[in-house]
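Student: Quick one: structure below, then a few questions.
The values are calculated or read from the model by the stated rules, or taken from the named source; none is laboratory data. Given the structure is predicted, the values throughout are model-derived calculations rather than measurements. As a convention, Cβ positions derive from the backbone with ideal geometry for all residues, glycine included, and neighbour counts pool all protein chains shown. Heads up: the accessible areas ignore ligands, DNA and RNA and are worked out on the full protein's heavy atoms, side chains in. Shrake-Rupley method; radii C 1.70, N 1.55, O 1.52, S 1.80 Å.
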Amino acid sequence: MSSTLSKDAKIYIAGHNGMVGSAIWRTLTASGYTNLIGQSSQQLDLRNQDAVNQFMEATTPDVVIVAAAKVGGILANSQFQYQFLLENLQIQNNIIDAAHRNNAKKLIFLGSSCIYPKLAQQPLTEDSLLTGPLEPTNEGYAIAKIAGVKLCQHIKNQYNKDFVSLMPTNLYGSNDNFDLKTSHVLPAMIRKFHDAKLDNNAPVTLWGSGTPMREFLFVDDLAQAVLFAMQNQLPDHLYNVGTGTDITIKQLATTIQKATGHTGPIIWDSTKPDGTPRKLMDVSKLKHAGWQYTTNLEQGIAKTYQWFLDNHNTYKQVKL
């Protein structure tokens, strides 16, 4: 099952400056890979098909990792459905097709657990894809990611190429987005509790009831899964990546509150949406192939909060 990939193989990481891409870059560098290629969005507009084609023709990477995407939380996803659908289709179509036509040996496409139906049976298995309607608030993003999974599946089947899709659960870690309007739940909570601690431990108001269940994976663990997929020829085209365990949003809040040292009250605003009631991944397929996560939630949150403190003046805030 392991594939022969030399340490000087040319590896293009699309989105290498983002939270996921930078974690993959760190992990591959630490594993001895010496020929990594990255282009910032200023250098290469991945939505531009001609630009992506020219880049791939000039570089001819052996491995392509698609970690570039337009991403956001419930608010951003629901308000900008058109942009999330169109731009993610453009980005991934351009990269996947150019990688295929320039004979990349391997491509790893990263998606999200939101590709699965809103009310799919828990834990979510890979074969629940396309068996029911999606969560309406992020339908645009999910449909784009489903299209990417299908492109890779059909290239694998039609051309016998090692194009594989990894679907991570909710990710967090270094280089996360801490903007309160566009971030995901975990970094948004870190920011809220930290700011409230500095404001004399002021009360923190959080969205919804706190009852939904969520699974969280430290981004460096996902990077290890990408490394595993790179070094091995996985038999199937689609694999979930997660911990296989979940907690309530209330439990998440108290864990983050403790990590940040905030001691004020938490107020739950039940007029705000909860999103999907539960999203737990069945990760048995990748575990059976030989990979599993190593960082527990407390360790991961402590590392992420430390990164936030170290980069407090320069951390990313994504504006739409």
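Student: Which numbered condition trips up Leu75, out of (1) open to solvent by 30 Å² or more (accessible area, probe 1.4 Å); (2) outside any helix (DSSP H, G or I); (3) in contact (Cβ under 8 Å) with a residue 24 or more places away in the chain?
Tutor: (2)
So that you can scan it fast, the table gives a plain yes or no per residue for (1) in contact (Cβ under 8 Å) with a residue 60 or more places away in the chain; (2) touching a strand residue (DSSP E or B) at 6+ places or on another chain (Cβ under 7 Å); (3) among the acidic types (Asp, Glu):
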{"position": "Phe178", "(1), (2), (3)": "yes, no, no"}
{"position": "Arg191", "(1), (2), (3)": "yes, no, no"}
{"position": "His194", "(1), (2), (3)": "yes, no, no"}
{"position": "Glu215", "(1), (2), (3)": "yes, yes, yes"}
{"position": "Asp220", "(1), (2), (3)": "yes, no, yes"}
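Student: Condition test on Gln257, is it of a type in the set (S, T, N, Q) and farther than 25 Å from Lys181 by Cβ?
Tutor: So Gln257 does not fit the description; no.
Student: State which residue is surrounded by the fewest Cβ atoms within 10 Å (Cβ to Cβ) when the search covers only the stretch 88-116 and only residues that are within 18 Å of the chain's Cα centre (by Cα) and not in a helix (DSSP H, G or I).
Tutor: Per the criteria, the residue is Ser112.
Student: Before we move on, is Lys181 assigned to a helix (DSSP H, G or I) and either more than 15 Å from the chain's Cα centre (by Cα) or within 30 Å of Trp291 (Cβ to Cβ) (or both)?
Tutor: no
Student: A further question on this structure: Scan Leu44, Leu85, Leu28, Leu36 and give me the residue that is within 20 Å of Asp176 (Cα to Cα) and not β-branched (Val, Ile, Thr).
Tutor: Just a single option satisfies the conditions, and that option is Leu28.
Student: Give the stretch 219-250 a look and list any residue that's outside any helix (DSSP H, G or I), of a type outside the set (A, V, I, L, M), closer than 21 Å to Leu297 by Cβ and open to solvent by 10 Å² or more (accessible area, probe 1.4 Å), or say none.
Tutor: The answer is Thr243, Gly244, Thr245, Asp246, Thr248.
Student: Among the residues of the stretch 21-31, which ones are of a type outside the set (S, T, N, Q) and open to solvent by less than 30 Å² (accessible area, probe 1.4 Å)?
Tutor: Listed by number, the residues that qualify are Gly21, Ala23, Ile24, Leu28.
Student: Here is a follow-up. May I ask you to say which residue of Gly132, Gly140, Gly148 is over 23 Å from Asn17 (Cα atoms), in contact (Cβ under 8 Å) with a residue 12 or more places away in the chain, open to solvent by less than 50 Å² (accessible area, probe 1.4 Å) and assigned to a helix (DSSP H, G or I)?
Tutor: Sole residue among the options that is over 23 Å from Asn17 (Cα atoms), in contact (Cβ under 8 Å) with a residue 12 or more places away in the chain, open to solvent by less than 50 Å² (accessible area, probe 1.4 Å) and assigned to a helix (DSSP H, G or I): Gly140.
Student: Within the stretch 151-178, which residues are in a loop (DSSP other than H, G, I, E, B) and either in contact with a Ser or Thr (Cβ under 7 Å, 6 or more places away or on another chain) or open to solvent by less than 30 Å² (accessible area, probe 1.4 Å) (or both)?
Tutor: Of everything in the stretch 151-178, those that are in a loop (DSSP other than H, G, I, E, B) and either in contact with a Ser or Thr (Cβ under 7 Å, 6 or more places away or on another chain) or open to solvent by less than 30 Å² (accessible area, probe 1.4 Å) (or both) turn out to be Thr169, Gly173, Ser174, Asn175, Asp176, Asn177, Phe178.
Student: Quick one: which of Asp50, Asp8 is under 26 Å from Tyr141 (Cβ atoms) and either among the charged types (D, E, K, R) or surrounded by 22 or more Cβ atoms within 10 Å (Cβ to Cβ) (or both)?
Tutor: Asp50
Student: Residues of the stretch 256-291 being buried (at least 18 other Cβ atoms within 10 Å of the Cβ) and in a loop (DSSP other than H, G, I, E, B), which ones?
Tutor: His262, Gly275, Thr276, Leu280, Asp282, Val283, Trp291, listed by residue number.
Student: Kindly establish whether Gly18 is crowded, with 18+ Cβ neighbours inside 10 Å and out of contact with any strand residue (DSSP E or B) (no Cβ under 9 Å at 6 or more places or on another chain).
Tutor: Against the criterion (crowded, with 18+ Cβ neighbours inside 10 Å and out of contact with any strand residue (DSSP E or B) (no Cβ under 9 Å at 6 or more places or on another chain)), Gly18 qualifies.
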